[in-house]
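Just so it is clear, none of the values below were taken in a lab; they were calculated from the coordinates. Only a predicted model underlies this, so the values are computations on that prediction, with no experimental measurement involved. All Cβ positions, even for glycine, are placed from backbone atoms using ideal geometry, and neighbour counts span all protein chains on display.
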Amino acid sequence: MLNKKTVDDLKNLKGRRVLVRCDFNVPLQDGVITDDTRITAALPTINKLISEGAKVILCSHLGKVKDGPNEKESLAPVAKRLSEKLGKEVVFVSDYNVTGEAATKAVEEMKEGDVVLLQNTRFRGKEETKNGEEFSKELADLADDYVCDAFGSSHRAHASVVGVTKYITEKGGTNAVGYLMEKEIAFLGNAVEDPVRPFVAILGGSKVSTKISVINNLLDKVDTLIIGGGMAYTFFKAQGKEIGTSLVEDDYLDYANEMLKKAEEKGVRLLLPVDTVVAKEFSNDAPSRVVEGSMEPDEMGLDIGPKSCELFAQAVADAKTVVWNGPMGVFEFPNFAHGTAAIAEALAKIDATTIIGGGDSAAAVNNLGYGDKMTHISTGGGASLEFLEGKELPGVAAADERD
Ligand code: AMP
């Protein structure tokens, strides 16, 4: 159970200024939002605060903002879409400074139940990403209380996620988590800490190195661990198999062997692909074939083969809890997306708690139309991974403890 204050612990909200850190980091194409899941996910907290008569001040980052503030990464399209979804005006402070005169004035003009959205917090560069004191304080100066509802950013100790809480505390305000945070933590936390068994985890994606701690942590919890995607070839090589020009991380061969050993010692069933779709080029149109044994030296694995799809589908058939993070192949190429689609289909069919750990697997599930068949699709790829690693998320840690 999460022992942190939540929006429900904020009392007497009438006229109180509440700063809410959302994750409005939505995909944009030519200024148009192509997936507004993250905006929809933020609505319960925002609506609750509006209905209690709070003055709701929203902030978020958008994109990486590598070359400084720019219109392409402005939150203006988010303000518009959010306003449509809330059915009320969202006052957008377009000032690249995020805080400062324009923001202060907009907040001063707010009435109970009004909503203001500040500009992209990453427009403040390192002040945001290095948890800068000044920017943190400026954000806190705008509000009385703070709510972190940005699950997708909660693994980052940034000013708008962590730094701001110190100054809210100094002025006697409350730091709480929002409904989205509560929901994400409940699903991911229960799955990992108290799963209904059999508990199966499926990991894919490109690199072992980014999922080292996840594999290690999950081996202590799961009944079955399935490893597919580019990660699998490091395990194959560690087992002495020929993997041609497939993706591999040679520095992690010993680690892969350790994990294979750990799985055996713990009695965890660790499943690797039994066949692979290989090609000679990294391209959707490259001629391919299915290989069960060794690949040729000039071939690379780009997807799991049909027998692996069947094996993995069988492995989840009687599962009661499944967590999935990472595609089974280069799913951006339709010809090598079959393995990823097969997993999504298998999960859609079973009677189990199915949790999709954000990022690519969430996109795959949604694109294939299985979104509503899953129990929970996380809005945070990186954050859900850190959760699966067993780490405490800085955005959660910074919230006030419940009395
Ligand atoms: P990650 O960011 O580590 O979750 O990895 C996601 C990426 O892994 C996707 O862009 C996939 O295209 C890539 N990927 C999955 N399988 C393979 C593979 N067999 N070879 C190369 N890349 C892969």
Sorting Leu139, Ala42, Ala54 by the position of each Cα along the dipole of region 1-152 (Lys, Arg +1; Asp, Glu -1; all at Cβ), the one nearest the positive end of that ordering is Ala42
Between the DSSP loop rule and a limit of at most 11 other Cβ atoms within 10 Å, which chymotrypsin sites (Phe, Trp or Tyr not before Pro) in region 189-288 are left? none
Distance from region 178-204 to region 17-56 (C-alpha centre basis), Å: 23 Å
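Given Cα pairs under 8 Å that are at least 6 residues apart, what percent is the relative contact order of the chain? All intermediate terms of the calculation are to be shown ahead of the outcome.
Working: 900 pairs, mean separation 64.7, N = 403.
Relative contact order for the chain comes out at 16 percent.
Can you give the local net charge around Ala319? Use residues other than it whose beta-carbon is closer than 14 angstrom to its beta-carbon, Lys and Arg +1, Asp and Glu -1. If you can, show how the numbers build up before the last one.
Working: positive: Arg197, Lys221, Arg269, Lys320, Lys349; negative: Asp223, Asp318, Asp351.
Within the 14 Å Cβ shell, the charges total +2.
Report the relative contact order of region 195-388, percent, no decimals, based on alpha-carbon pairs under 8 angstrom and at least 6 residues apart. It would help to have the intermediate numbers written out before the result.
On the way: 422 pairs, mean separation 42.2, N = 194.
Reported as a whole number, the value is 22 percent.
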What is the sum of charges around Thr234, taking Lys and Arg as +1, Asp and Glu as -1, for the other residues whose C-beta is under 13 Å from the C-beta of Thr234? -1
Selection of GluC sites (Glu not before Pro), region 102-134, meeting DSSP coil and at most 14 other Cβ within 10 Å: Glu109, Glu112
Once both axes come from the Cα atoms, what is the angle between helix 37-51 and the longest principal axis of the chain, in degrees from 0 to 90, rounded to 10? 30 degrees
Cut-off under 5 Å, modelled amide H: who pairs with Leu58 long-range: Val20, Val116, Leu117, Leu118
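Starting from the Cα coordinates of the chain, work out the convex hull volume and express it per residue in Å³.
143 Å³
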HN-Hα J couplings of region 331-336 from phi, Karplus 6.51/-1.76/1.60, θ = phi - 60°, integer Hz, Gly and Pro as x? 6, 5, 8, x, 5, 10
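Would you mind counting up the charge near Asp298? Only other residues with Cβ under 13 Å from its Cβ, with Lys and Arg at +1 and Asp and Glu at -1. Mind showing how you got there, number by number?
Details: positive: Lys280, Arg289; negative: Glu242, Glu281, Glu296, Glu299.
Cβ neighbours under 13 Å give a net charge of -2.
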Sorted from largest down, give the three principal axis spans of the alpha carbons of region 7-183, whole angstrom values. 42, 35, 33
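To the nearest 0.05, what FRET efficiency results for Phe333 and Asn257 with a Förster distance of 25 Å applied to their C-beta separation? Walk me through the numbers on the way to the answer.
Values: r = 30 Å, r/R0 = 1.22.
Efficiency for this residue pair is about 0.25.
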Across Ser209, Ser154, Ser74, the residue with the highest GNM fluctuation in the chain (Cα network, 10 Å cutoff) is Ser209
Could you calculate, for region 195-388, the ratio of the Cα radius of gyration to the Kirkwood radius, expressed as Rg to Rh? 0.94
Given unit charges at Cβ for Lys, Arg (+) and Asp, Glu (-), the dipole magnitude of the chain about its Cα centre in debye, nearest 20, is 700 debye
Region 1-74 shape via C-alpha gyration tensor axes, a/c threshold 1.5: prolate
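Per the helix-only calculation at 222 nm, which mean residue ellipticity applies to the chain, given -39500 (n - 2.57) for every DSSP H run of n ≥ 4 and division by its residues, nearest 500 deg cm²/dmol? Walk me through the intermediate numbers first.
Values: 15 runs with 143 residues, N = 403.
About -10000 deg cm²/dmol.
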